[in-house]
Structure formats: C-alpha cells, structure tokens
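Notes to accompany the following structure.
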Amino acid sequence: MTRRSLLATPAVALAAANTAEFEARSQRLFLRHTWTTTMSSSDYRDVIYTAVTRDGITGHGEGAPIVRYKESAAEGVRSLEAVRAVLAKSNWRHYRKVLDEVHRTLAGNWAAKAAVDIAVHDWVAQKMGVPLYQLFGLDPAGTPLTTFSIGIDNPEMTRQKVREAEPYPVLKIKVGLDTDEATLDAVRSVTKKPLRVDANEGWKTKEEAVRKINWLESQGVEMVEQPLPAAMLEEMKYVRAKVHIPVLADEACLQPGDVPKLAPYFDGVNVKIDKCGGLLPALRMIEMARSLKMKVMLGCMISSSVAVTAAAHLSPLLDYADLDGNLLIRNDPFEGVTVEKGKLMLPRRPGLGIRARATEDRSRKTEVGRNYRPAQQVAT
Ligand code: MG
C-alpha cells in the first residue's frame with residue numbers, strides 16, 4: 001500500500017487529524033427516473049467528490065462533470081492531483097487567494113475546481129463556526145422557492161412525474177424536441193402550477209423560438225431558458241423583441257466573463273457552480289449580473305446534497321432557483337438543504353451543514369425505487 005492510499009483510508013485520515021489532507025474520488029449517483037434532455041439520456045451520473053481535512057475539520061465538496069464541455073469524473077479526479085500541493089502549502093482561511101491559485105493551477109476541469117471550491121468553503125465556515133450563508137452575509141429566511149425539474153418523456157410518464165412532483169409549487173419542464181406541445185399538454189392535463197421551461201438549445205431557428213415561447217406563455221409559462229444554440233446570439237435580439245416573458249442564458253453562460261457579453265441578448269443568466277468552477281466565481285457572476293440589471297437563476301446538475309446544499313447557501317441572492325439535483329437521485333450519501341412547500345430550507349449547522357445519511361436509510365430508499373419519496377418528506 002502506498003503512503004497516499006494508506007492516508008485515504010478513514011482510519012488513517014482520522015489519525016492524521018492535525019495535518020492537511022486532500023482526497024478526490026468519483027461517485028456514481030443513480031437516478032429515480034431515466035433523465036432525458038435534448039442532449040442526453042441516462043440512468044446515472046458520475047460526480048467528483050472531494051474532502052479537505054485540517055485541524056480535525058473536514059470540508060466536503062462535489063462537482064458534476066458536464067459532457068457538453070467534454071468533462072468526465074475520471075479525468076476530473078486525475079486533474080486534481082495538480083492542486084494537492086497548492087492546498088498543502090496554503091492557509092485555507094485566506095480562501096479567496098487559495099481558490100484563485102487553484103483556478104490558475106488547473107486548466108479547464110470546471111467541475112473539479114467546483115469540488116475543491118465547495119470543500120474549502122465548507123472547511124472555512126466550519127472553522128469559523130458559522131453556517132456558510134453567514135460567511136456570505138446572507139439571510140437564511142430569504143431563500144426562494146426551487147423548481148422541480150421534469151425531464152423529457154412520453155405523455156404518460158410525464159403525467160406520472162408531474163403527479164409525483166405534487167409537493168413542489170413551481171415546475172421546470174424540459175423541452176426542445178418535436179414533442180414540446182404533447183409534453184406541455186400532458187403537464188397541463190395534471191396541474192395548473194406556474195411553469196418554467198428549459199429548451200436546452202433545442203429550437204433551431206429564431207422563428208421557431210418566438211412561436212414556441214409565445215405559445216408557452218399562453219400555457220402559463222413564466223420564463224424560458226436557452227431557447228437557441230449558445231452560438232446563436234444575434235438571433236436572440238429578434239427573439240426578445242417578439243416575446244414577453246424573460247429569456248435566460250444557460251449553455252451560453254459559463255464563466256464570469258460571459259455575463260457582460262450576454263447582457264444585450266438575454267434578460268438573465270443561469271449560473272451553475274459546476275460550469276464556473278465554484279461558489280466564488282458563482283458569486284462574482286451573480287453580482288455582475290445584478291450590476292447589469294439582469295435576472296439571476298442558480299441551477300444545478302444531477303448532484304447529491306453536497307453540491308446542491310452549497311448552491312442553496314447562495315440562494316437568497318436569486319430571482320429563480322433550480323436546485324433539485326439531489327431530489328432526482330435515489331442514493332444520496334448526504335443530507336443537507338431540504339425543501340418545504342417548495343422553499344429551500346438551509347441547515348443551521350456550521351459550514352455546508354451536511355451530514356452523512358445512515359447506510360440503512362439509504363438502502364431502504366434504493367429498494368423502493370420509483371416510489372421513493374423526496375428527501376424533505378422524510379427528513380427529521
Ligand atoms: Mg438549463
């Protein structure tokens with residue numbers, strides 16, 4: 001056994017509690033339903049997990065590699081070897097300096113950067129003895145409602161998913177295929193709730209986008225995400241002039257520098273920690289969007305409660321929250337943020353405030369499969 005693999009075992013990590021430790025590994029998350037968007041269809045997702053330990057405190061982090069940007073969990077974990085030395089030599093209390101150095105050290109690999117950024121934030125807030133939202137100066141009572149996402153499916157499954165989403169007052173419907181009308185008809189046959197729609201670049205012309213957005217508005221849709229391919233920016237001026245509901249950029253908006261470029265073309269941006277590389281760049285994007293009078297949404301990937309709770313700590317800053325990735329999986333190793341009548345409820349414990357779920361609990365939920373109820377309904 002090498003020294004590194006020895007240190008990666010829990011017992012040895014505990015024994016070395018007063019020295020800095022850094023672990024990175026991939027974790028497979030299984031979905032409650034096969035998840036389909038215009039880009040992919042799958043039953044599971046692999047994410048990157050990190051843990052940073054020093055002074056007897058462990059901070060946890062997570063990042064979801066995005067296939068569209070040619071990322072994978074295996075490559076992300078490999079890439080993180082490069083930041084081991086940065087973390088070992090630095091004072092984590094100066095976390096902005098540390099994370100800027102992590103970004104300079106690691107090329108690309110935004111999900112891997114996010115996993116380190118979240119772990120360091122978790123560690124710092126625990127070290128200071130405050131919940132993460134307090135580190136940002138935010139009011140936990142100011143969290144918004146989160147949408148619950150309904151992936152693309154046939155009308156029968158769509159109706160079933162909408163029925164299962166009964167506890168959530170606002171839904172986000174994935175569209176972008178020829179079946180959009182049938183999808184919305186199926187949703188509306190079950191619920192009158194406000195809807196938001198994500199086309200994931202699925203519509204191919206500005207005329208199609210205008211026609212569909214105006215039809216969606218007539219169906220009670222209050223906002224649309226990324227109607228056209230990210231590269232079709234100029235077409236968005238035409239679209240915005242002919243529709244009435246806000247149109248937000250997602251795939252067109254990756255890092256902080258993208259926000260000012262998008263201001264002429266979109267009403268707002270969907271910030272994701274996995275796209276921009278962490279909470280620190282996400283905060284920069286949110287503040288930049290605000291200064292440009294753009295609306296701000298914080299989205300997530302299919303993730304466990306580590307990444308979703310981290311994002312939720314920034315959620316008092318948002319117009320729209322789409323933080324449901326942990327609700328879509330059936331083997332979440334952690335519990336953290338919960339949802340009550342759609343509203344995000346932040347843990348009050350220091351740091352992210354996450355806790356490992358009991359193994360017994362997890363296996364029981366996995367067994368019941370499709371009938372598994374979302375975490376907030378069983379949380380104590
Ligand atoms: Mg989106």
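The values are calculated or read from the model by the stated rules, or taken from the named source; none is laboratory data. Quick caveat: nothing in here was measured; it's all calculated off a predicted structure. We place every Cβ from the backbone using ideal geometry, glycine too, and count neighbours over all the protein chains shown. We work out accessible area using only protein heavy atoms, side chains counted, and drop any ligands, DNA or RNA first. Shrake-Rupley method; radii C 1.70, N 1.55, O 1.52, S 1.80 Å.
Remarks
- Residue match in region 206-223 (condition: more than 16 Å from the ligand (Cβ to nearest atom), open to solvent by less than 30 Å² (accessible area, probe 1.4 Å) and assigned to a loop (DSSP other than H, G, I, E, B)): no
- Each residue in region 131-178 was checked for being of a type in the set (Gly, Ala, Ser), open to solvent by less than 30 Å² (accessible area, probe 1.4 Å) and assigned to a helix (DSSP H, G or I), and 0 of them qualify.
Residues checked against (1) free of Cβ contacts under 8 Å to residues at least 40 places away in the same chain; (2) in contact with a Ser or Thr (Cβ under 8 Å, 6 or more places away or on another chain):
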position: LYS127; (1), (2): no, no
position: GLY137; (1), (2): yes, no
position: PRO140; (1), (2): no, no
position: ASP153; (1), (2): no, yes
position: GLN160; (1), (2): yes, no
position: PRO169; (1), (2): no, no
position: GLU181; (1), (2): yes, no
position: LYS193; (1), (2): yes, no
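- Listed by first and then second residue, the pairs with beta-carbon distance under 8 Å, at least 6 apart or on different chains, first residue in region 223-242 and assigned by TED's automatic domain parsing to the domain that holds LYS204 and under 21 Å from SER149 (Cα atoms), second crowded, with 16+ Cβ neighbours inside 10 Å and hydroxyl-bearing (Ser, Thr, Tyr), are MET223/TYR320.
- Residue in region 315-328 that is in contact (Cβ under 8 Å) with a residue 60 or more places away in the chain, more than 20 Å from PRO65 (Cα to Cα) and among the acidic types (Asp, Glu) present: yes
- Restricting region 177-202 to residues that are within 16 Å of the ligand (Cβ to nearest atom) and touching a strand residue (DSSP E or B) at 6+ places or on another chain (Cβ under 6 Å), the residue that is nearest to ALA252 (Cα to Cα): ASP198
Conditions tested, residue by residue: (1) under 21 Å from the mean Cα position of the chain (by Cα); (2) closer than 24 Å to MET157 by Cα.
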site: ALA186; (1), (2): no, yes
site: VAL221; (1), (2): no, yes
site: PRO227; (1), (2): yes, yes
site: LEU233; (1), (2): no, no
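- Residue in region 117-128 that is nearest to LYS272 (Cα to Cα), counting only those that are of a type outside the set (Asp, Glu) and open to solvent by less than 50 Å² (accessible area, probe 1.4 Å): ILE118
- Positions within region 287-308 being in contact with a strand residue (DSSP E or B) (Cβ under 8 Å, 6 or more places away or on another chain), surrounded by 24 or more Cβ atoms within 10 Å (Cβ to Cβ) and part of a helix (DSSP H, G or I), in sequence order: ALA289, SER305, VAL306, ALA307
- Take the conditions (1) in a helix (DSSP H, G or I); (2) open to solvent by less than 50 Å² (accessible area, probe 1.4 Å); (3) farther than 24 Å from ALA182 by Cβ; LYS261 misses just one of them, which is (2).
- Boolean, ASP250 is within 16 Å of the ligand (Cβ to nearest atom) and open to solvent by 30 Å² or more (accessible area, probe 1.4 Å): no
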